[in-house]
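Enquirer: The structure that follows is given in the form of structure tokens.
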Amino acid sequence: MKELAGRLTALDPDAGAAVQVIGYFDRLAESRAGLEALVRGAAVLAGCPARLVDAERRVRVRVEADGTRRDSESPPDPSWPSFALTPGGASALWLERTAEAAPSVVDAVILERAAGVVRLVLDRTRGRVPADDPELVETLLDATAPEQARLHAARRLGLDVADPATRARVVAPLDRPPRVVVAPRDTGTCGGGRPVSVAPHPDGGPQPAPAHPQPLPTDTELPAGRLGIGPAVPVLDLPRSWAAARTALRFTADGTAQDPGERIVYADALGGIVLLADLVAPGAEPPPDVHDLEAAAANAPWLLATLNAVAATPSLRAAATEINVHHSTLQDRLTHAESLLGWPVRTPQGRLRLQLALTMRHLARP
Amino acid sequence: MTSVPPPFDPELAAALELIKEFISPGMSPEDIEEIRRGPMILQSMQMDLTLDGAFDIEDREVAGPVGEPAVTLLIGRPTAPATTGPLPVIYHVHGGGMVLGDRRVGVTGALEYARELDAVVVSVEYRLAPEHPHPAPIEDVYAGLLWTAEHAKEIGGDPERIIVMGASAGGGLCAALALLTRDRGGPRPIGQLLLCPMLDDRNDTPSAHQMAGVGVWDRTANETGWTALLGDRRGGPDVSPYAAPARAEDLTGLPPAFLDVGSAETFRDEVVTYASRLWQAGGVAELHVWPGGFHGFDGFAPQAALSQAARAAHLAWLRRLLGS
């Protein structure tokens, strides 16, 4: 029977071709084909050379129409049809079509489908480049958007929606659009749904080892500034992760002397403390203990950083080290603070009251 | 006996998705006529066999088996041979399950190798089953080889350097041809290139069962092909090795063989067994089992990485055989 069906050749630009293109790349994605196979698919179906250039990740693959790999160092011609892998990024898939060729719908479908799978493979194998399309993220996080639209957005953002084990979480920065990051499939030693930390974990426990080969966001990949991080959830539950991330964001602080506290807070790590978020409305009249804190801080510039160190470290000795003062200096400061506040901070109950006051101070911000 | 089939190679799985409209795993006797008239066969008639002018192509009618009709040979001669003197000859036998195809089907593969090797190609058209059951096909193939050996100089070929090559049913016929020339003392090819060859009419190996309904040329199609060739004798005790080479008891004294097959096809186990038996008989054989390959994958999807590797292996073996 060999060859009786004829050879796989470039597609005719008719109505059926787009369906075939979609089927071809879906199948490659299902069987986890590599980059070269995807670029080859684009070249063979288009009937002209195709190339993938991802400058950031130093990936260069060029395949000719007959399927042979022949890389090139020369830059792509800007007049060739292309599909960007990242919005405005230097990474794209190109079809080496001469300028005279009329734009073709089949070319556009080939580029779009191939680039979508290429992005999945790059993210799976080379780590994620933080450049999400804000509109796609918005759709993905909109619980009222149709499921199909959200799944499509997820796919375009590089999430493997075909795999029911895929988990992602939302990162909510203070004054920028949210980001979606893939959560590791296997969290190794930490088990049970606990988040894999990408920054010092608020509960101070041992840091789990990064899991492979899932792309892990790293510290350098996370945006600067205050971040609330939602729980890892299935793709369609991401609106919930986003809500939790925004709540977690309210618990964060700038980490400065005037606003001491954690810059990054995981929703997962809050536990029952999260209930406070509903009790203290942003911008509303703060509870009396927060008033007392603000009044005392106005009299002593060192007060907030000192009290935060006491609340956040396991011992006074550790607190003194944290803020870089002598142990006796710390004791003097705390005596002064207790007189300003009118309640103790060194007893177990007083320490809890202090922790709550500091937390509510963050929550009460407008 | 049935078990989960091995997965297809990712690129080949995607290619199969693309051609699924034109090809289905099975084939019943009723399908033969329709497939013969279908687009698959027609496509081979439109191919440029000169490979952009690298070959002169001619058809010749030559003497068939004694008392039988003439046989048509397609002859491809390099238009600008790089070497002087007689050239090696690739004697090509097309595939098609013993029931389909003609001398043009698959011959581009032979021509592409011949272009690399500076060789002449002869492709034989043989009568097809079920209209012409065994031994018509193999006798036509034998008659074509006789003519080629006797008239090699006429077509610029070297009768001492004939390699037989075929895929699928063509591979089976080439293996049978090697047995037949050995037993009749006919022209002796210097090598047999057996690509996913169809060797065993019993159609009962683990891979035949495992791949039922999957990929290309499954157990049902195979039964259709063999039954067309052998009728009621298929699978019985009385099948000639010149019809089904797997039936040969003596595999000694054969020319060096190259065999290959996909891991995900009906023929996998019979090809591996045939290669093993060649070694056990003291023969020379090279065997490749391409992981995730379906039947005829390098012809259907020549651009795939696995197809490129397979063709490179064929060519490397041919070069070693010819000492070039």
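All of the numbers you see were taken from the coordinates with simple rules; none came from a lab. Remember, predicted model here, so these are calculated numbers, not experimental data. A quick note on method: Cβ atoms are made from the backbone with ideal geometry, for glycine too, and the neighbour counts reach across all protein chains shown.
Enquirer: In nm, to one decimal, how far is the B:ASP59 label point from the A:ASN299 one, both placed 7 Å along Cα→Cβ?
Expert: Here the answer is 11.1 nm between the modelled labels.
Enquirer: Shifting gears a bit: Count neighbours as other Cβ atoms within 10 Å of each site's Cβ, and list the trypsin sites (Lys or Arg not before Pro) in the stretch A:239-276 that are DSSP loop with at most 13 such neighbours.
Expert: Taking the stretch A:239-276 and a limit of 13 other Cβ atoms within 10 Å, no loop trypsin sites (Lys or Arg not before Pro) are found.
Enquirer: If you don't mind, there's one more thing I want to ask. How big is the protein assembly as shown by the Kirkwood estimate over distinct Cα pairs, in Å?
Expert: For the protein assembly as shown, the Kirkwood estimate is 30.1 Å.
Enquirer: Now for a different question. If I histogram all Cα-Cα distances within the stretch B:129-275 using bins 10 Å wide from 0, what percent of pairs lands in each bin?
Expert: 12, 42, 33, 11, 2
Enquirer: While we're on this one: Name the residue farthest towards the positive end of the dipole of chain B from the options B:PRO291, B:PRO25, B:THR252, assuming +1 on Cβ of Lys and Arg, -1 on Cβ of Asp and Glu, about the Cα centre.
Expert: Of the candidates, B:THR252 comes out farthest on the positive side.
Enquirer: Taking springs between alpha-carbon atoms closer than 10 angstrom, which of B:LEU111, B:LEU16, B:LEU173 fluctuates most in the Gaussian network model of chain B?
Expert: B:LEU16
Enquirer: Taking other Cβ within 10 Å of each residue's Cβ, how do B:MET45, B:MET98, B:MET198 sort, fewest first?
Expert: Least crowded to most crowded, the residues run B:MET45, B:MET98, B:MET198.
Enquirer: Report the calculated FRET efficiency for B:ALA316 and B:GLU68 (r = Cβ-Cβ distance, R0 = 41 Å), to the nearest 0.05.
Expert: Calculated value: 0.60.
Enquirer: What size of dipole, in debye to the nearest 20, comes out for the protein assembly as shown about its Cα centre when the only charges are +1 on Lys and Arg C-beta atoms and -1 on Asp and Glu C-beta atoms?
Expert: Dipole of the protein assembly as shown, to the nearest 20 debye: 2220 debye.
Enquirer: State log₁₀ I(q)/I(0) for chain B at q = 0.12 Å⁻¹ as given by the Debye formula over alpha-carbon point scatterers of equal weight, solvent excluded.
Expert: At q = 0.12 Å⁻¹ the computed log10 ratios are -0.76.
Enquirer: Further question: How many angstrom lie between the Cα centre of the stretch A:304-337 and the Cα centre of the stretch A:130-170?
Expert: Cα centres, the stretch A:304-337 to the stretch A:130-170: 45 Å.
Enquirer: In addition: What do you get for Rg/Rh over the stretch B:201-272 if you use C-alpha atoms and the Kirkwood form of Rh?
Expert: Rounded to two decimals, Rg/Rh equals 0.98.
Enquirer: OK, next. For the stretch A:280-363, max minus min Cα coordinate along each principal axis, in Å, sorted largest first?
Expert: Cα spread of the stretch A:280-363 along its principal axes, largest to smallest: 38, 24, 21 Å.
Enquirer: How big, in percent, is the set of alpha carbon pairs in the stretch A:15-126 lying more than 21 Å apart?
Expert: Here the tail beyond 21 Å accounts for 27 percent of pairs.
Enquirer: Given a cut-off of under 8 Å on Cα pairs at least six residues apart, what relative contact order in percent is computed for the stretch B:39-92?
Expert: Relative contact order here is 28 percent.
Enquirer: Does the stretch B:222-321 classify as rounded, prolate or oblate by the C-alpha gyration tensor (a ≥ b ≥ c root eigenvalues; a/c under 1.5 gives rounded; else a/b over b/c gives prolate, otherwise oblate)?
Expert: Oblate, because a/c is 1.5 or more while a/b does not exceed b/c.
Enquirer: Please report the antiparallel percentage of DSSP beta bridges with both residues in the protein assembly as shown, rounded to the nearest 5.
Expert: 55 percent
Enquirer: Hey, rough spin-label estimate for B:LYS153 and A:ILE273, points 7 angstrom out along Cα→Cβ, what's it come to in nanometres?
Expert: Label at B:LYS153, label at A:ILE273, 9.9 nm between them.
Enquirer: Could you state, as a whole-number percent, how many of the C-alpha pairs of the stretch B:42-161 are farther apart than 26 Å?
Expert: So the pairs more than 26 Å apart make up 18 percent of the total in the stretch B:42-161.
Enquirer: I want the antiparallel fraction of DSSP beta bridges within chain B, as a percent rounded to 5.
Expert: 35 percent
Enquirer: Another one. Could you work out the local net charge near A:ASP278, counting Lys and Arg as +1, Asp and Glu as -1, over the other residues with Cβ closer than 14 Å to its Cβ?
Expert: Once all neighbours under 14 Å are counted, the net charge is +2.
Enquirer: Calculate the spin-label point distance for A:GLU285 paired with A:ASN324, positioning each point 7 Å from the Cα along the beta-carbon direction, and give it in nanometres.
Expert: The answer from the label model is 4.1 nm.
Enquirer: If I take R0 = 25 Å and measure r between the Cβ atoms of A:ASP254 and A:TRP343 in this structure, what FRET efficiency does the formula 1/(1 + (r/R0)^6) give, to the nearest 0.05?
Expert: 0.45
Enquirer: Still on this structure, I have one more. Longest exposed-loop-site-free stretch of chain B, with GluC sites (Glu not before Pro), DSSP loop and at most 16 other Cβ within 10 Å?
Expert: Excluding the exposed sites themselves, the longest stretch runs over B:132-248.
Enquirer: Please report the antiparallel percentage of DSSP beta bridges with both residues in the stretch B:55-124, rounded to the nearest 5.
Expert: Taking every DSSP beta bridge within the stretch B:55-124, about 70 percent pair in antiparallel fashion.
Enquirer: In whole Hz, with x marking every Gly and Pro, tabulate ³J(HN,Hα) for the stretch B:55-67 from phi via Karplus 6.51 cos²θ - 1.76 cosθ + 1.60, θ = phi - 60°.
Expert: Computed from phi, the couplings for the stretch B:55-67 are 10, 8, 10, 9, 9, 10, 8, 10, 4, x, x, 3, x Hz.
Enquirer: Moving on to the next point. Hey, fewest Cβ within 10 Å first, where do B:VAL93, B:VAL289 land in order?
Expert: Arranged by neighbour count, lowest to highest, B:VAL93, B:VAL289 become B:VAL289, B:VAL93.
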